[in-house]
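The values are calculated or read from the model by the stated rules, or taken from the named source; none is laboratory data. Fair warning: this is a prediction, and the values are worked out from it, not measured in the lab. Neighbour counts run over all protein chains shown; Cβ positions are idealised from the backbone, glycine included. Each accessible area value is taken on the protein alone, full model and side chains, heavy atoms only, with ligands, DNA and RNA left out. Shrake-Rupley method; radii C 1.70, N 1.55, O 1.52, S 1.80 Å.
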Amino acid sequence: MEVPDTMNGLSARWIARVVCCCALAVAASAGKRLYVEPFTTKAGSEKLREYVVAELRKLNTVTLVADESGADAILGGGGEIWIKGYRSLNPRSGRLPSDGTPLYAGYLSVELRNPRGETLWSYLAIPDGPTDDISKDLAKRIAKHVAAALQEPDTIPGPPPASPMPIVLTGAGATFPYPVYNKWFTNYRRENPNVEIAYDAIGSEAGIRKLLAGTVDFGASDSPQAITQLAPAEEEKYLLFPSVVGAVVPIVNLPGFSSDLSFTPEALAGIYLGKIKKWNDPVLKQANKGVSLPNLDIVVVHRADGSGTSYAWTDFLSKTVPDWNAQVGSSLAPQWPTGRAANGNDGVGSMVKEIGGSIGYVEYIYALQKHLSFGKVRNQAGEFVAASLESIAVAVDRAAPIHDDFKVSLVNAPGAGAYPIASFTWLVAPMHIADERKRETIVSFLKWTLGPGQRQAAALGYLALPKELAVREEAAVATIH
């Protein structure tokens with residue numbers, strides 16, 4: 001882990017790459033022990049480990065043990081933290097560095113796991129404002145959340161019954177949830193080695209079309225209306241299961257500009273309608289008062305493929321901006337009035353990263369992984385809110401009731417603190433599966449995602465489902481025949 005000069009005198013331009021494994025033990029009264037393993041990264045990572053250990057030692061409920069063999073729980077993780085600029089003497093000036101306090105970006109994924117390697121809890125720690133010691137700040141936050149997690153009982157069941165013969169499931173669809181899905185496929189196979197799951201992240205529309213054609217066993221989409229839009233007559237033949245909750249964020253590439261921008265729905269709609277063409281447009285300046293926005297052309301980037309991420313983005317704009325609703329509306333594959341096209345969340349992120357002055361939209365974790373700045377968005381309560389696990393959770397809590405078909409939009413949820421472009425992402429399975437072995441395997445996998453799989457989501461920036469919703473979904477999974 002490369003660290004800034006505030007910790008060990010290295011260059012102030014740094015990227016901290018953390019792949020840390022920390023193991024912890026719960027209070028002796030709870031009968032558990034916890035181990036903190038040395039970091040296996042670049043110079044400076046040991047300092048972060050020392051801070052984590054020191055914070056954990058302050059907790060009366062935590063007992064540290066000397067090695068992994070004596071532990072009941074292990075904390076691990078990885079990520080990147082880097083300096084994106086420095087706090088200005090005038091915090092609203094945008095471009096002018098100056099009192100030397102670093103502004104950090106990045107993320108640190110952490111997981112608490114048991115000795116079998118199963119995830120008990122996970123979390124995504126992100127920098128929170130200017131600081132002179134990012135490692136100490138992250139260590140405090142990690143210890144606080146680990147202490148709370150250790151109060152939860154370890155109720156993970158044993159691995160699902162192994163299939164007696166090798167079997168391959170095929171799926172296709174959304175790129176929005178691919179980071180967590182890929183992790184699920186790997187971990188499910190580790191517990192059930194005779195099952196292989198092959199998933200093609202080709203976008204929601206293409207994936208659902210493959211499911212409708214019978215060429216894959218399951219599909220995935222970030223739009224609850226995917227089958228309704230593509231094959232309304234077939235809708236009753238499929239079940240949609242929310243898998244996790246994510247967020248779509250506006251990503252920006254403004255070279256040399258370290259401030260976090262704020263966007264109103266009207267500004268985002270104006271940019272994507274081609275009406276707002278410069279970064280110093282009065283509409284953008286109004287939402288970013290006192291910030292010195294550059295006189296630079298805006299390059300708009302959108303999805304080329306039919307996309308659930310596009311659906312969530314346009315659903316938000318349709319619900320908040322009448323002109324957008326009248327001219328474009330919400331769709332997997334809208335008729336974009338302007339902009340350059342790229343395939344998948346990864347493609348949009350890569351294009352924005354390459355082009356100065358560009359703006360795009362991607363799922364939250366893609367912005368973090370590609371080191372891209374992402375803006376705050378004005379919510380229904382009039383606040384400018386950044387995406388985070390906490391603001392996504394508020395959106396879920398304030399959303400409309402979820403009916404038995406599990407179709408609901410989370411965008412523009414009411415209430416203070418709600419991130420306004422949050423979305424469920426859905427796994428889609430046929431209601432009737434003739435192949436008995438495939439049916440049993442799909443049912444087993446879906447139930448696993450609703451249990452152990454949920455604990456793995458937060459480390460990748462996705463919010464786990466509310467427990468009561470997961471229970472309802474498990475009952476619906478059982479109806480597959």
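Some notes on this structure:
- Once both labels are positioned 7 Å from their Cα atoms along Cα-to-Cβ, the gap between Lys237 and Lys58 label points is 5.9 nm.
- Calculated mean residue ellipticity, 222 nm, the chain: -9000 deg cm²/dmol, from DSSP H runs (n ≥ 4) at -39500 (n - 2.57) each, averaged per residue and rounded to 500.
- Lys/Arg +1, Asp/Glu -1 at C-beta; the chain dipole; positive extreme among Tyr178, Ala333, Ala287: Ala287
- When the chain is described by a simple charge dipole with +1 on each Lys and Arg Cβ and -1 on each Asp and Glu Cβ, the residue from Thr131, Ile251, Leu169 located farthest towards its positive end is Thr131.
- Relative contact order (%) - the chain, alpha-carbon pairs under 8 angstrom, separation at least six: 15
- Simple Cβ-charge dipole of the stretch 294-406, Lys/Arg +1 and Asp/Glu -1, about Cα centre, in debye nearest 20: 320
- Gln151-Asp435 FRET efficiency (beta carbon distance; Förster radius 41 Å; 0.05 resolution): 0.40
- Each Lys and Arg contributes +1 and each Asp and Glu -1, all at the Cβ; summed about the Cα centre of the stretch 337-481, the dipole is approximately 260 debye.
- For the listed residue pairs Lys278/Lys407; Lys237/Lys467; Lys237/Lys319; Lys140/Lys285, the alpha carbons are over 32 angstrom apart in Lys278/Lys407; Lys140/Lys285.
- Evaluated with a Cβ-only charge set (Lys, Arg +1; Asp, Glu -1), the stretch 187-287 carries a dipole of roughly 440 debye about its Cα centre, given to the nearest 20.
- Think of the chain as having a plus end and a minus end, set by charges on the Cβ of Lys, Arg, Asp and Glu; of Asn187, Val352, Ala458, Val352 sits farthest toward the positive end of this dipole.
- Per residue solvent-accessible surface (Å²) - the chain, probe of 1.4 Å: 40
- The portion of the accessible surface of the chain made up by carbon and sulfur, rounded to a whole percent, is 52 (1.4 Å probe; DNA, RNA and ligands excluded).
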